[in-house]
Amino acid sequence: MTITARPPADALLPVYRRFPVCIVSGDGCELTADDGTRYLDFVAGISVNLLGYNHPVLRRALERAAETGVLHTSNLYRTLPGEELAAELVERSFASHVFFCNSGAEANEGAFKFARRAATGPEQREIVALKGSFHGRTFATLAATDRPPYRDPFVPLVPGIRIVDPENQAELEHAITCQRTAAVIVEPVQGEGGINVIEDSLLQDLREMTTEAGAALIFDEIQCGLGRTGTLFAYEQTGVVPDVVTLAKGLGGGLPMGAVLVNQAIAASLQPGDHATTFGGGPFVASVALAQLGVLTEPAFLPEVREKGEWLGARLAALAARHDAVVAVRGRGLMWGIELADAAQPVVERALERGLLVITAGPKVIRLLPPLTISREDLARGVDLLESCL
Ligand code: PLP
């Protein structure tokens, strides 16, 4: 090993603004830092660690998957865990087929390609995204992301992707047409954009408009899917069935994994060679994801998430009523945003000092994404800690 004078962290590209905390272990809903400080975690790796830390089912799945000796083959050969996971996701959703990949941005890139492949009009190439959206950091997903500071240093982005304000009906109608549109992508609950629950009526309008235009309706459930809002898929609570759902974040139980779920019409348009990725759906990650899905779909699991979510929503509403600093609270299930009159970052930093991890969603919103396994007691402890920081 080379001995260098500079701290090892300096060797990492400085693209993250990291908190001055070095995490070394975790258990349940708590993380422990290298100085022994314990943190109650209301971030869950930004909606990744659905079952918290050191969950026995995930541990067992990891050990069993390692015992096979095969961490990876390639998608040139069949492996059972990926097939079983795809079958489970199909069984529990609108989808007829699943494509596995490794991240959220990659899932959305795949969704854009599949939508263009399935579009029948010769000019139907355009992807429409909504104001406030976040779909990833690759060139195409960044083009669909409404965050100028993330986009501007990297222009030109991918052409053929536009962002519209859904409150402007004329703009929406102009943007979604049977001549041009291949797909509309929407997060049913916008995450990075400030925890904005998109109204069912807007989703219904988008469903009608995309159906009429022969375009695909893509729900990006990368942050809000997999039980986060209290149902396995966020779309289940909206009264709208999309053509495509993208998943990532929590899917692999902490391992990198993404998925694109598509309906039969889109699946029928795809052929061998149209898309691929080296690691997608490999046996190791798929085994862990499958074991986790088993927990998420236990009969009592999601009803409990909904119950805890309702309780948390009520507690936050009461907190908002007590504090002028709070402008609004909004969310669904265990995905909540607290909009403040002023900057959210100082509150996040105070919370860290008091042993609670929370993050922002935009400049004035505190975002709460606790593990779905969190107890009522830990939820209450977190809300009390947060209130003490306001
Ligand atoms: N879509 C949504 C809604 C997200 O929240 C994110 C990440 O925060 C992404 C896409 C991108 O996912 P990844 O960081 O895995 O590429």
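What residue, among those in region 100-116 that are more than 7 Å from the ligand (Cβ to nearest atom) and open to solvent by less than 20 Å² (accessible area, probe 1.4 Å), is farthest from Met257 (Cα to Cα)?
Ala115
Name the one entry in Val260, Val295, Val288 that is among the aliphatic types (A, V, I, L, M) and within 16 Å of the ligand (Cβ to nearest atom).
Values: Val295 fails: within 16 Å of the ligand (Cβ to nearest atom); Val288 fails: within 16 Å of the ligand (Cβ to nearest atom).
Val260 is the lone residue from the list that is among the aliphatic types (A, V, I, L, M) and within 16 Å of the ligand (Cβ to nearest atom).
Restricted to region 32-57, and to residues that are assigned to a helix (DSSP H, G or I) and more than 16 Å from the ligand (Cβ to nearest atom), which residue is least open to solvent (accessible area, probe 1.4 Å)? First the steps, then the outcome.
Here is the first cut: in region 32-57, the residues assigned to a helix (DSSP H, G or I) are 44-47, 56-57.
From what's left, more than 16 Å from the ligand (Cβ to nearest atom): 56-57.
Details: Pro56: 80, Val57: 39 Å².
Looking at residues that are assigned to a helix (DSSP H, G or I) and more than 16 Å from the ligand (Cβ to nearest atom), I get Val57.
Of these, Thr238, Thr231, which one is surrounded by fewer than 20 Cβ atoms within 10 Å (Cβ to Cβ) and at pLDDT 95 or above?
Details: Thr238 fails: surrounded by fewer than 20 Cβ atoms within 10 Å (Cβ to Cβ).
Result of the check over Thr238, Thr231: Thr231.
Yes/no per residue for (1) open to solvent by less than 30 Å² (accessible area, probe 1.4 Å); (2) hydrophobic (A, V, I, L, M, F, W, C); (3) more than 20 Å from the chain's Cα centre (by Cα); (4) within 16 Å of the ligand (Cβ to nearest atom):
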{"position": "Ile127", "(1), (2), (3), (4)": "yes, yes, no, yes"}
{"position": "Ile163", "(1), (2), (3), (4)": "no, yes, no, yes"}
{"position": "Gln169", "(1), (2), (3), (4)": "no, no, yes, no"}
{"position": "His174", "(1), (2), (3), (4)": "no, no, yes, no"}
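Identify the single condition in (1) farther than 22 Å from Cys101 by Cβ; (2) within 16 Å of the ligand (Cβ to nearest atom); (3) open to solvent by less than 10 Å² (accessible area, probe 1.4 Å) that Ala183 does not satisfy, given that it satisfies every other one.
The failed condition is (1).
Of the residues that sit in region 350-390 and are within 19 Å of Thr229 (Cβ to Cβ) and assigned to a strand (DSSP E or B), which one is most open to solvent (accessible area, probe 1.4 Å)?
Ranking the candidates gives Ile359 first.
Here's the yes/no breakdown for (1) of a type in the set (A, V, I, L, M); (2) assigned by TED's automatic domain parsing to the domain that holds Asn49; (3) in contact with a Lys or Arg (Cβ under 7 Å, 6 or more places away or on another chain):
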| residue | (1), (2), (3) |
| --- | --- |
| Met257 | yes, no, no |
| Asn263 | no, no, no |
| Ile266 | yes, no, no |
| Leu270 | yes, no, yes |
| Gly280 | no, no, no |
| Pro283 | no, no, no |
| Ala286 | yes, no, no |
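Touching a strand residue (DSSP E or B) at 6+ places or on another chain (Cβ under 8 Å) and more than 29 Å from Arg367 (Cα to Cα): does that describe Ala170? Explain how you work it out, then say what you get.
Values: touching a strand residue (DSSP E or B) at 6+ places or on another chain (Cβ under 8 Å): no; more than 29 Å from Arg367 (Cα to Cα): yes.
Spelling it out, it is not the case that Ala170 is touching a strand residue (DSSP E or B) at 6+ places or on another chain (Cβ under 8 Å) and more than 29 Å from Arg367 (Cα to Cα).
Among the numbered conditions (1) farther than 13 Å from Ser93 by Cα; (2) within 15 Å of the ligand (Cβ to nearest atom), tell me where Gly225 comes up short.
If we test Gly225 against (1) farther than 13 Å from Ser93 by Cα; (2) within 15 Å of the ligand (Cβ to nearest atom), just (1) comes out false.
Quick one: what pairs do we get from region 135-157, first residue free of Cβ contacts under 8 Å to residues at least 12 places away in the same chain, second of a type in the set (A, V, I, L, M, F, W, C) and open to solvent by less than 50 Å² (accessible area, probe 1.4 Å), C-beta under 6 Å, 6+ apart or different chains?
Close Cβ pairs satisfying both conditions: Arg151/Leu142.
Does any residue of region 297-318 turn out to be outside any helix (DSSP H, G or I), at pLDDT 95 or above and under 30 Å from Arg116 (Cα atoms)?
no
Criterion first (in the same structural domain as Gln124 (by TED's automatic domain parsing), within 16 Å of the ligand (Cβ to nearest atom) and of a type in the set (A, V, I, L, M)) does Ala248 satisfy it? Talk me through it step by step, then tell me what you get.
Details: in the same structural domain as Gln124 (by TED's automatic domain parsing): yes; within 16 Å of the ligand (Cβ to nearest atom): yes; of a type in the set (A, V, I, L, M): yes.
Judged against the criteria, Ala248 is a match.
Just one of the numbered conditions (1) assigned to a loop (DSSP other than H, G, I, E, B); (2) in contact with a strand residue (DSSP E or B) (Cβ under 8 Å, 6 or more places away or on another chain); (3) of a type in the set (A, V, I, L, M) is not true of Val347; which one?
That leaves (1) as the condition not met.
Could you count how many residues in region 44-67 are polar (S, T, N, Q) and either without any contact (Cβ under 8 Å) to a residue 12 or more places away in the chain or closer than 12 Å to Ala289 by Cα (or both)?
Number satisfying all stated conditions: 1.
Could you list all residues from region 247-268 that are assigned to a loop (DSSP other than H, G, I, E, B), open to solvent by less than 30 Å² (accessible area, probe 1.4 Å) and of a type in the set (Gly, Ala, Ser)?
Ala248
Being of a type in the set (A, V, I, L, M, F, W, C) and in contact with a Pro (Cβ under 7 Å, 6 or more places away or on another chain) is the requirement here; does Ala343 meet it?
Here the answer is yes, as Ala343 does meet what is asked.
Which condition breaks for Glu199 when tested against (1) within 16 Å of the ligand (Cβ to nearest atom); (2) at negative phi?
Exception for Glu199: condition (1).
The values are calculated or read from the model by the stated rules, or taken from the named source; none is laboratory data. Values in this document were obtained by computation on a predicted structure and should not be read as measured data. Please note: Cβ atoms are built from the backbone with ideal geometry, for glycine as well, and neighbour counts cover all protein chains shown. Protein only, heavy atoms only, side chains kept; ligands, DNA and RNA dropped before computing areas. Shrake-Rupley method; radii C 1.70, N 1.55, O 1.52, S 1.80 Å.
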